[in-house]
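Asker: Got a structure for you, written out below as structure tokens; questions coming shortly.
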Amino acid sequence: MAEDPRDWQIETRAVRGGLARTPYGEISEALFLNQSFAYDSAASADARFAGEAPGFIYQRFGNPTTQMFEDRLALLEGAEACRATASGMAAVHLSLMGLVRAGDHIVAGRALFGSCRWILSEWMPRFGVETTYVDATDLEAWKNAVRPNTKVFLVESPANPLLEVTAIGAVADIAHAAGAKLVVDNVFATPIFQKPLALGADIVVYSATKHIDGQGRVLGGAILGQAELMTEAYKDIARHCGPALSPFNAWVLLKGLETLELRVGRQTENAGRVADAIAAHSKAKQTIYPGRPDHPQAAVIANQMTGGGNVVAFDLGSREAAWRFLDALQIVDISNNLGDAKSMATHPSTTTHRSMPEEERQAIGLTQGWVRMSVGLEGAADLVRDVSRALDAA
């Protein structure tokens, strides 16, 4: 009897999950650069379009390479189904639009990536969907924000950029009691360190651009969840609105999954050492890292995460000090990306969260002195030396 891939260790799932070889028996997964597919007969085409026969129709609907990526990521996440998208923001947008209609209401954690805030504050109201923002760590705030028309809860955990961690299971209970679905952006934790679906979430979204690629090559995104909900909410909108992931990008991301566990494991080890060095430096007013016992939500982290991830946030007191720090770095790049093999640091107030109004940045504690650092795969001693030298100059 063949083994059930769900019984494999996560390392084996990352390398062999979703593998679908052609008759040629290739070791590296095949790349199908196809816009469309041929049919044996008119009746065969009719059966596929009717959903009565398996097979691919058009790249916007599905592709063998993309399907392998979706199946492998679903296996890693512990999800029944996955829908790949052209970017992380396409995934966030699709995840919300598939669950709401005009007149509905969303409750969201107020600590969100700038583009996510734009979708909720600027885009959704054009279609009659309102959003209430809450402190994601305050369970009473989630309860009090619920309206009769609330359909979706949205949270990033850990959140961008200050690594706020939400008790996913407790928020899921509140959402379900209100008849709403919980969508969790799990980018910072990755499927290696946190399983939102197992904690009670209905939908998980990723920017695969980050750790899943992890080498600065392509954009991609993914939505994962229970098969029936994924079909009901996303099948038609994904087909007709066209946020499809290209087969080439799917192939790159598929290969990225093979080393995901190894990469984020080493990045997390490095991040712990870098975070400790920053916290010990006199220039750092505050250091936040999910792997440290002084994280504000350390108890929650202990219950739902198995690793701290590779992102560190720290406050240098002023924009001038933050910029001096960034400009003094010699190994770490100044970049707004994260999850890459190369270490990167950014000033969120003037980059990733620039579009957020100042009063909203203040509400989540994002003052001008904060720096967000994504720790890579360089030697830990080299990174500590580079960061310490830059802190001296801050």
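Asker: As I understand it, the value is the acute angle between the Cα axis of helix 260-279 and the longest principal axis of the Cα atoms of the chain; what does it come to in degrees, rounded to 10?
Answerer: The angle comes out at about 10 degrees.
Asker: Out of all DSSP beta bridges in the chain, what portion is antiparallel? Express it as a percent rounded to 5.
Answerer: 55
Asker: Around ILE57, with a cut-off of 11 angstrom between Cβ atoms, what is the net charge of the other residues, counting Lys and Arg +1 and Asp and Glu -1?
Answerer: My count for the surroundings of ILE57 gives +3.
Asker: Simple spin-label model, 7 Å along Cα-to-Cβ: LYS255 to ARG319 in nm?
Answerer: 4.2
Asker: Please report, to two decimal places, log10 I(q)/I(0) for region 1-73 at q = 0.19, 0.24, 0.25 Å⁻¹ as given by the Debye formula with identical point scatterers on the Cα atoms and no solvent.
Answerer: -0.91, -1.12, -1.15
Asker: Using only Cα atoms, locate the centre of region 143-199 and the centre of region 227-269, then give the distance between them in Å, rounded to an integer.
Answerer: When both Cα centres are located, 20 Å separates them.
Asker: Report, in deg cm²/dmol and to the nearest 500, the calculated mean residue ellipticity at 222 nm for the chain, where each DSSP H run with n ≥ 4 adds -39500 (n - 2.57) and the sum is divided by the residue count. Walk me through the intermediate numbers first.
Answerer: Numbers: 16 runs with 153 residues, N = 394.
After summing the helix terms and dividing by residue count, I get -11000 deg cm²/dmol.
Asker: Grab every C-alpha pair in region 108-157, bin the distances at 5 angstrom width from 0 up to the longest one, and report whole percents.
Answerer: It works out to 5, 20, 32, 24, 16, 3, in whole percents.
Asker: Something else now. Given q = 0.07, 0.08 Å⁻¹, what are the Debye log10 I(q)/I(0) values for the chain, with equal point scatterers placed on the Cα positions and solvent ignored?
Answerer: Reported log10 I(q)/I(0), two decimals: -0.32, -0.42.
Asker: Another question about this same structure. Which FRET efficiency value, to the nearest 0.05, do you get for ARG101 and ARG385 by plugging their Cβ-Cβ distance into 1/(1 + (r/R0)^6) with R0 = 41 Å?
Answerer: 0.15
Asker: Right, here's the next one. Grab the Cα-Cα distance for ARG273 and ALA227, subtract it from 0.36 nm times how many residues apart they are, and report the gain in nm with one decimal.
Answerer: Values: separation 46, 0.36 × 46 = 16.56 nm, distance 4.02 nm.
Between ARG273 and ALA227, full extension yields 12.5 nm more.
Asker: Here's something else I'd like to know. May I ask for log10 I(q)/I(0) of region 87-206 at q = 0.19 Å⁻¹, from a Debye sum over the Cα atoms as equal point scatterers with solvent left out?
Answerer: Summing over Cα pairs of region 87-206 leads to -0.96.
Asker: Right, another one. For region 331-370 and region 1-42, what is the separation of their C-alpha centers, rounded to whole Å?
Answerer: First find each Cα centre; the distance between them is then 38 Å.
Asker: Treating only the Cβ of Lys, Arg, Asp and Glu as charged (+1, +1, -1, -1), what charge dipole size does the chain show about its Cα centre? Round to the nearest 20 debye.
Answerer: 560
Asker: What whole-number value in Å² describes the accessible area per residue of region 118-245 for a 1.4 Å probe?
Answerer: Heavy-atom accessible area per residue stands at 37 Å².
Asker: So, for region 3-102, what is the accessible surface per residue at a probe of 1.4 Å, expressed in square angstrom? List each step's numbers first, then the result.
Answerer: Values: 5510 Å² over 100 residues.
I get 55 Å² per residue for region 3-102.
Asker: Among LYS151/LYS342; LYS255/LYS285; LYS210/LYS285; LYS151/LYS255, which pairs are too far apart, with a Cα-Cα distance over 32 Å?
Answerer: LYS151/LYS342; LYS255/LYS285; LYS151/LYS255
Asker: In whole angstrom, and with the biggest value first, how far do the Cα coordinates of region 219-295 range along each principal axis?
Answerer: For region 219-295, the Cα extents along the three principal axes come out at 55, 25, 21 Å.
Asker: Just want to confirm a number: the relative contact order over the chain, from Cα pairs under 8 angstrom separated by 6+ residues, in percent.
Answerer: Details: 809 pairs, mean separation 66.6, N = 394.
Relative contact order for the chain comes out at 17 percent.
Asker: Also, I was wondering about something else. Taking all protein chains as present, what is the carbon and sulfur share of the accessible area of the chain, in % to the nearest whole number, probe 1.4 Å?
Answerer: 51
Asker: Going by average Cβ density within 10 Å per residue, which order do the peptides 187-198, 54-65, 38-49 take, highest to lowest?
Answerer: Put in order of decreasing packing, that is 187-198, 54-65, 38-49.
Asker: Roughly how much of LEU31 is accessible, in Å² to the nearest 10, using a 1.4 Å probe?
Answerer: Counting only protein heavy atoms, LEU31 exposes about 60 Å² to solvent.
Asker: With every protein chain kept in place and ligands, DNA and RNA left out, what is the accessible area per residue of region 279-334? Probe 1.4 Å, answer in Å².
Answerer: Value for region 279-334: 49 Å² per residue.
Asker: Please state, as a whole number in µm²/s, the translational diffusion coefficient that the Stokes-Einstein equation yields for region 128-262 at 20 °C and 1.002 mPa s, with Rh defined as the Kirkwood radius across alpha carbon pairs.
Answerer: Roughly 133 µm²/s, to the nearest whole number.
Asker: Mind listing P(r) for region 30-119? All alpha-carbon pairs, 5 Å bins, whole percents.
Answerer: Going from the shortest bin to the longest, the percentages are 2, 10, 15, 17, 17, 15, 10, 7, 4, 2, 0.
Asker: Determine the order of THR351, THR150 by accessible area, beginning with the largest, at a probe radius of 1.4 Å.
Answerer: Final ranking, largest accessible area leading: THR351, THR150.
Asker: Just how much of HIS176 is accessible, in Å², when a 1.4 Å probe is used and the result is rounded to the nearest 10?
Answerer: Accessible surface of HIS176 is approximately 80 Å².
Asker: Figure the gain on full extension for ALA50 and ALA302 (residue separation times 0.36 nm, minus the Cα-Cα span) and round it to one decimal in nm.
Answerer: Contour length minus Cα-Cα distance gives 85.9 nm.
Asker: When the chain is fully extended, how far beyond the present Cα-Cα distance does ASP135 get from ASP173, taking 0.36 nm per residue of separation? Before the final figure, lay out the partial values.
Answerer: Numbers: separation 38, 0.36 × 38 = 13.68 nm, distance 1.66 nm.
Extending this stretch completely gives an extra 12.0 nm.
Asker: Still on this model: GNM, the chain, Cα, under 10 Å: largest mean-square fluctuation among ARG101, ARG13, ARG117?
Answerer: Sorting by GNM fluctuation, first place goes to ARG101.
Asker: Could I get the Rg over Rh figure for region 257-394? Both from C-alpha atoms, Rh via Kirkwood, rounded to two places.
Answerer: Numbers: Rg = 14.4 Å, Rh = 15.1 Å.
With Rg and the Kirkwood Rh in hand, the quotient comes to 0.95.
Asker: Same structure, new question: For the chain, with the dipole built from +1 on Lys and Arg beta-carbon atoms and -1 on Asp and Glu ones, taken about the Cα centre, which of ASN337, ALA180, GLY309 lies farthest toward the positive end?
Answerer: Comparing the listed Cα positions along the dipole, ASN337 ranks first.
Asker: Given contacts defined as C-alpha pairs under 8 Å and at least six residues apart, what's the relative contact order of region 209-365, whole-number percent?
Answerer: Averaging sequence separation for qualifying contacts and normalising by length gives 22 percent for region 209-365.
The values are calculated or read from the model by the stated rules, or taken from the named source; none is laboratory data. Just so it is clear, the structure is predicted and the values come from calculations on it, not from any experiment. Quick reminder, even Gly has a Cβ in these numbers, built from the backbone with ideal geometry, and neighbours come from all protein chains shown. Accessible surface is based on the protein model in full, side chains and every heavy atom, while ligands, DNA and RNA are left aside. Shrake-Rupley method; radii C 1.70, N 1.55, O 1.52, S 1.80 Å.
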